[in-house]
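The values are calculated or read from the model by the stated rules, or taken from the named source; none is laboratory data. All figures in this text were calculated on a predicted structure; none of them were measured in a lab. Positions of Cβ are generated from backbone atoms using ideal geometry, with glycine treated the same way; all protein chains shown enter the neighbour counts.
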Amino acid sequence: MFDQLSDRLQETLSGVRSRGKLTEADVDRAMREIRLALLEADVNFKVVKAFTAQVRERCLGAGVLDSLNPGQQVVKIVNEELAELMGGASRDLAFAGSGPTVILMAGLQGSGKTTACAKLAKLLAGQGKSAALVACDTQRPAAVDQLVTVGRQAGAKVYEQGTERDPTEIADWALGQAKAAGDDVLIVDTAGRLHIDEELMDELAQIRKRTKPHDILLVLDAMTGQDAVNVAEAFAERVDFDGVLLTKLDGDARGGAALSVKAVTGKPILYASLGEKLDELERFHPERMAGRILGMGDVMSLIEKAEQVSDKQQAEDLERKIRRQEFTLEDFLQQMRQVRRMGPLGNVLGMMPGMGKAVKQIRQADLDDRELDRLEAIILSMTPAERARPQLIDGSRRKRIARGSGTTVQAVNQLVKQFGQMRKLMAQLAKGKMPDPQQLGLR
Amino acid sequence: MARSWRDAFELGEPAGSEAAPRDSAEPEAGPGLFRRLRQSLSKSREALQAELGASLFEQLDDEAWERMEEALILADVGARATADVVGRLETEVEGGTLSGGDAVRDRLVELLAEAAGGDAERIDLQARPAVIMVVGVNGTGKTTTIGKLAWHVRNELGRSVIVAAADTYRAAAIEQLEQWSERAGVEIVRGSPGGDPGAVVFDAIAAAESRGIDVVIADTAGRLHTHSNLMAELAKVRRVAAKRLEGAPHESLIVIDATTGQNGLRQARAFTEAVDLTGVVLTKLDGTAKGGIALAIASELELPVKLIGVGEGLEDLRPFDAREFAAALLAD
C-alpha cells in the first residue's frame, strides 16, 4: 500500500536535500513515484502518462533544479498541475428562468443514484428551492419504494406510477405534475444501466429528449477504477451530461476516477457525497480533491464546516485565530465537539493538514469515537490557561492531566505535540503558503 | 463456463429434504433477460478472441512488456500485482524455458489464473443448515447476488433455501430481497426497518432448523469499510450467528463490483478483519470493467473468487473460471 504521495516524494527526494540540487535522474525517480501513486489512486493509466510527462517538463524547467528546496518545489508543481487538471473553479447547476428546473440523474448500477436524488433535494431545499423527485427506475426491484422512502426522509415530494409504465412516460407525466404544483426543481431518478447496454442507453436518451433537462448529472462511485473513463465517455456521448456527482467519498478511496473523468471528458465534478446521512452532500471543490489525492489536508473545508454549525462571527474568529496561530486547545475542543455532530472522525481529521498520518493510525488501531472521548477527557482535564497556552504544560502538569483524564503521560504528550504542529501548519495553509513538508511530520 | 454449478460447491451428504434438483424451473424470463445473457456470452467470447495478439509475444521487446503491463493496469489488476506477474514471466522467458509466442502467452494466462487463486475453492454447504453471510460496501450488488444464488442453490443443487433480510438500514432493501425471494421461490425471514440485523439472522437460522431447511443466506446492509461502528455491527451479526449455530457462518462472501479500483483491496482487508471472509463474488462483469482487483485481492489476501455476476437475470451468476477470467484481463 502506498503512503500519501507527498510522503513518498519527500522520501525519494530526501537525499537531495543534503546536496541541495536536483538532477534529472532525481526527477525521473520522483516521476516514477508519482506514476505509481496516481495509479494506486485509480487515475486512468493514460491520464497518468500525460500528467507525469507534463510535470516532468515543468520540473526540469528553469529554476526548479537549483531552487533552495527542490523537493518542495516538486510537490508544489504536482499539486498545482493536479489542481489544474481537476478543473479550476467549480460550477453551479443551471436553473430554469421559469417553471421547474429538471435535473436528470444517470449512472451505473449501484453508484448511488437513488440516495443522491434525495440528498440533492435536501441540499436544494436548504437553498430555498422546493425539489420534487420522480421515480423512473422501473427495473430494479423495490427501487420505487426506496425513492419514496428516502424522499420522505428528505422532506421531498415523490412522483411515482409504479413499474408498469414506460419511464419516459412517467418522467413526462411528472413534469406536468411539477409544473402544475409549482415545484422549483424536478429530479429524475433513472435505472442504473451499463454504458454498453444499447437499449437502456436509448431509453435514457429518450427521457432526455422528452423532459429537456437543464442539468444532467452522472452519478459516479468514488471507488471506481480504470473503467471510469469508458463509462464517462459513453454517457457523455449518449446524453451529454453536464457534470458529475461523486458518491462514497466518505470511504478511503483516493478518488482518482474523478480526475480521470475530468481529464477525459472535460466535465466538472459538481457535488460530492460524504456519508450515509441525507445531509452529507456538498458542493465539490476541485482544489480540495487535489489535496486529497496528495494528502495535503484541507483547511478551507474545515473553516466552512465550522461556519455551518456556528454563527458567522464565530467562524471569522476561528479563521483569524488560525492565521495568527492563536488557535487554542479550547478551540480544538469546541471544533471537535461540533465535528462529532458532522460525521465520521476520519473525514474531519483528514481535512486537517498534517493529520494524514493520524488518520492512518486511527484506522490501523481501529480507534473510533471512544478515542475522541479520550482526547476530550485529556483537554477537559486541563485548566483554561493550559488550553490557551499548551506550552505551560510541564512535567507535573502532564502527570496531573493524565491522572485526571484516566490516560497516560504519553497520551498527553502526543496530543500536545501534534496540536503544536497542527497549529503552525494551519496558519501557513490558511495564508495560502505551501507548508514545509518536513513540518508535516514527513521524513 | 467450463465449470458447472456442482463443481463450485462442497455439498456433503445428499440433502434429506429434497432429493432431485428441480431442473424444470426456468428462470423467469423478465424483460431483457435473454438479450443480456446473449450479450454477456458474446462478450466473453470476444474477450477470448481479442487477447493481446500472439505476435506481441513473439517479439518480446520493451514495448511488448510495456503493453502487457498496460493491459493489466487498465484491467485494475494494480501496479504491484502487475509487476509481480509480469516479472515472473520475464524471469521464465530469460531462463529460456518458454519457446514461441503462444507458449509465452499461455504461460502469462496461467500465471494470472494462479495469482487469481485458481478455481479449486468451493462454497461449503456441508453443514445443516449451512449459513452463508453476504457482505460488502454499498451498491456492489449484494441483494441481487443473493437472489440469484438462492435460485441456483435451489434449482441446480436441489437444496432448500431461506434468505435472511438483515439489511435493515437501506430504504426498501427488505422489499427488494422479498421480490428476489419470490422470483427464486425461496422462503424469507424479515426484520423490521431499523431493527437489529443480528436478530434477523438468529431467527433465520432457528427457522431453518425447525423447518429442516438446508441453506441460510443472509443479506447485510452495505457499509463503507471505513466506518468502524458499522464494521463492529457486522462482526456482531457474525457472532450472533456463531452463537446460534456452531461453525456458522460457514461462508462469508464479500461482493466486489468489477468496476472497483484499487480501493477494493482495502475493502477486502477491512471486511476480512471484521468477519473472516471465505471468498469473493465478483459482480457486474457484463460491463467493460475486467475486475482485475479480484486478482490483487486473491494474491495479497489469499481470498479466492468463488462466483461471478454477469447480468441482472436469475441465471446471470456463475462459478468462477480462473482461466477464462485471466484471458479476459488481457483482452483489449
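Annotations
- Selection count where residues are closer than 14 Å to A:ARG35 by Cα and acidic (Asp, Glu), scope the stretch B:67-85: 2
- Scanning the stretch A:201-255 for residues that are closer than 17 Å to A:LEU186 by Cβ, assigned to a strand (DSSP E or B) and β-branched (Val, Ile, Thr) turns up A:ILE216, A:VAL219.
- The set of residues in the stretch B:187-213 being under 24 Å from the mean Cα position of the chain (by Cα), surrounded by fewer than 24 Cβ atoms within 10 Å (Cβ to Cβ) and either among the β-branched types (Val, Ile, Thr) or part of a loop (DSSP other than H, G, I, E, B) (or both) consists of B:ILE188, B:VAL189, B:ILE213.
- Test: residue in the stretch A:197-216 that is touching a residue at least 12 places away in the same chain (Cβ under 8 Å), surrounded by 22 or more Cβ atoms within 10 Å (Cβ to Cβ), more than 20 Å from A:GLU169 (Cα to Cα) and not charged (D, E, K, R): no
- The helices (runs of 4 or more DSSP H) found entirely in the stretch A:67-172 that carry 1 or more residues being away from chain B (no Cβ under 14 Å) and free of Cβ contacts under 8 Å to residues at least 60 places away in the same chain are A:70-86, A:113-126.
- Identification of helices (runs of 4 or more DSSP H) wholly contained in the stretch B:251-332 with 1 or more residues that are in contact with a Ser or Thr (Cβ under 6 Å, 6 or more places away or on another chain) yields B:263-275, B:293-301.
- Looking only at the stretch A:268-309, and only at residues there that are charged (D, E, K, R) and at pLDDT below 80, the one that is surrounded by the most Cβ atoms within 10 Å (Cβ to Cβ): A:ARG292
- Verdict on B:LYS284 being surrounded by fewer than 22 Cβ atoms within 10 Å (Cβ to Cβ), of a type outside the set (Phe, Trp, Tyr) and either within 11 Å of chain A (Cβ to nearest Cβ) or touching a residue at least 24 places away in the same chain (Cβ under 8 Å) (or both): no
Conditions tested, residue by residue: (1) within 13 Å of chain A (Cβ to nearest Cβ); (2) part of a strand (DSSP E or B); (3) crowded, with 23+ Cβ neighbours inside 10 Å.
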| residue | (1), (2), (3) |
| --- | --- |
| B:ASP219 | yes, yes, yes |
| B:ARG223 | yes, no, yes |
| B:LEU230 | yes, no, no |
| B:VAL237 | no, no, yes |
| B:LYS243 | no, no, no |
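- Of the numbered criteria (1) surrounded by 24 or more Cβ atoms within 10 Å (Cβ to Cβ); (2) part of a loop (DSSP other than H, G, I, E, B), the one A:ILE187 fails is (2).
- Residues of the stretch A:1-28 that are modelled with pLDDT of 65 or more, surrounded by fewer than 17 Cβ atoms within 10 Å (Cβ to Cβ) and closer than 25 Å to A:MET86 by Cα: A:ASP28 alone.
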